[in-house]
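The values are calculated or read from the model by the stated rules, or taken from the named source; none is laboratory data. Just so you know, these numbers come straight off a predicted model, no measurement behind them. When we count neighbours, we look across all protein chains shown, and the Cβ atoms used for this are built from the backbone with ideal geometry, even at glycine. Quick note on the areas: whole protein, heavy atoms, side chains included, nothing else; ligands and nucleic acids left out. Shrake-Rupley method; radii C 1.70, N 1.55, O 1.52, S 1.80 Å.
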Amino acid sequence: MNRTLLIVLAVIALLVGAFFGYKSYQSNLERERAEERARQEQTELTRQADELRQKAAAEAEATRLAEEKARREAAAAAAEIARLRSEQAQAEAARKVAEAEAARALAAREAATREKEAAVGEARRQAEEREKAALAAEQSRKEALARIAALEQEKAAAADREAARLAALKQQQELEASRAGGSSVASSSATSRRTLPISAGLPSDYKRAPHYYMEQSLKAAAESN
């Protein structure tokens, strides 16, 4: 009876040991599985964290590159704006210079036009004055020629009258001499002495005097032109 009880107790003990061993095995297996799952989860979390870090780093790099690009573009835009402003300022200065040059050229052209018109007017006035002076000189010359012609006619008439008077006087003297008869020599000498002062009073070139006066008048008219 004791042996059977012992066997039963031994079997029970084995069963209890097996049960607790199985429970322990199950517990260890569950723990190992839980640890494996925990390791896997940790690995996954690490991987995800790495991915997040890499993504964050990539996003940060992209942001940095974008900011750097934005800064470069902003600097380039600022430089382009400055260049455009400089070109605009230069163009404005050139436009003002061109406008000033155009204004000066216009003023110079207008002044030249006024001067040309004034010169043309002055030349026209001088030409008119010269024409008037030439007409006046021609009129003076004609009047001088008329006066000279009248003077020549007067001189010629006076010379003819004087010649006629001398001829009449000579004829009268010859007539008186022929009447005197024997005293012809003495009468001729007296007559020669009386006619000498009359003929000596006339110049030998009295007929050329009007021509001399005419030449002098023509010279004076030419010099007045």
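Given the condition within 60 Å of the chain's Cα centre (by Cα) and open to solvent by 80 Å² or more (accessible area, probe 1.4 Å), answer yes or no: does some residue in the range 42-54 qualify? Scanning the range 42-54 turns up no residue that is within 60 Å of the chain's Cα centre (by Cα) and open to solvent by 80 Å² or more (accessible area, probe 1.4 Å). Residues Glu162, Glu122, Glu131: which one is among the acidic types (Asp, Glu) and touching a residue at least 40 places away in the same chain (Cβ under 8 Å)? After ruling out the rest, the residue left standing is Glu162.
Evaluation of Gln88 against the conditions (1) modelled with pLDDT of 85 or more; (2) open to solvent by less than 60 Å² (accessible area, probe 1.4 Å) shows that the sole unmet condition is (2). If you go through the range 55-85 and keep only what is open to solvent by 70 Å² or more (accessible area, probe 1.4 Å) and over 57 Å from the mean Cα position of the chain (by Cα), you end up with Lys55, Glu59, Glu61, Arg64.
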